1. How about the range 51-63: which of its residues are of a type in the set (A, V, I, L, M, F, W, C), touching a helix residue (DSSP H, G or I) at 6+ places or on another chain (Cβ under 8 Å) and not in a loop (DSSP other than H, G, I, E, B)?
2. Residues to consider are ALA41, ALA45, ALA30, ALA18; find the one that is surrounded by 12 or more Cβ atoms within 10 Å (Cβ to Cβ) and closer than 22 Å to VAL67 by Cβ.
3. Kindly indicate the residue of the range 66-83 that is in contact with a strand residue (DSSP E or B) (Cβ under 7 Å, 6 or more places away or on another chain) and farther than 23 Å from SER10 by Cβ and also modelled with the lowest pLDDT among those meeting that condition.
Amino acid sequence: MNTAGKDFASKSVPRHLARGALGFGLIIGAIALVPTVGPAALLVAPLALIAFRGCPTCWAVGLVQTVSRGRLRRQCVDGVCTLTR
């Protein structure tokens with residue numbers, strides 16, 4: 001799978017953490033409100049996917065990309081990829 005064009009990073013780590021807090025908060029809130037509001041509370045869960053820019057795994061990959069941005073670069077030559085500073 002070619003992931004050269006995939007970038008899930010944010011402009012800053014605090015911004016990325018805020019997106020994660022919003023996404024996880026929406027998921028937890030949706031599940032916690034089911035007993036009081038009913039299944040309609042689950043309608044807010046898809047909003048978490050917007051905050052995560054996909055799924056929680058996409059958010060975690062983006063966190064790693066945001067932290068390593070400017071520190072590591074991937075170089076691919078003849079099908080062999082390496083990380084360089």
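1. Here is the first cut: in the range 51-63, the residues of a type in the set (A, V, I, L, M, F, W, C) are 51-52, 55, 58-61, 63.
Among the residues that remain, those that are also touching a helix residue (DSSP H, G or I) at 6+ places or on another chain (Cβ under 8 Å) are: 51-52, 55, 58-59, 63.
Across the range 51-63, the qualifying residues are ALA51, PHE52, CYS58, TRP59, LEU63.
2. Working: ALA41 fails: closer than 22 Å to VAL67 by Cβ; ALA45 fails: closer than 22 Å to VAL67 by Cβ; ALA30 fails: closer than 22 Å to VAL67 by Cβ.
Unique residue meeting the criteria: ALA18.
3. The qualifying residue modelled with the lowest pLDDT is GLN75.
Rundown of residues vs (1) in contact (Cβ under 8 Å) with a residue 12 or more places away in the chain; (2) within 16 Å of the chain's Cα centre (by Cα), yes/no style:
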site: VAL13; (1), (2): yes, yes
site: GLY23; (1), (2): yes, yes
site: THR36; (1), (2): no, no
site: LEU42; (1), (2): yes, no
site: ALA48; (1), (2): yes, yes
site: ARG53; (1), (2): yes, yes
site: ALA60; (1), (2): no, yes
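The values are calculated or read from the model by the stated rules, or taken from the named source; none is laboratory data. Predicted model, so just to flag it, every value in this text is computed and none were measured. When we count neighbours, we look across all protein chains shown, and the Cβ atoms used for this are built from the backbone with ideal geometry, even at glycine.
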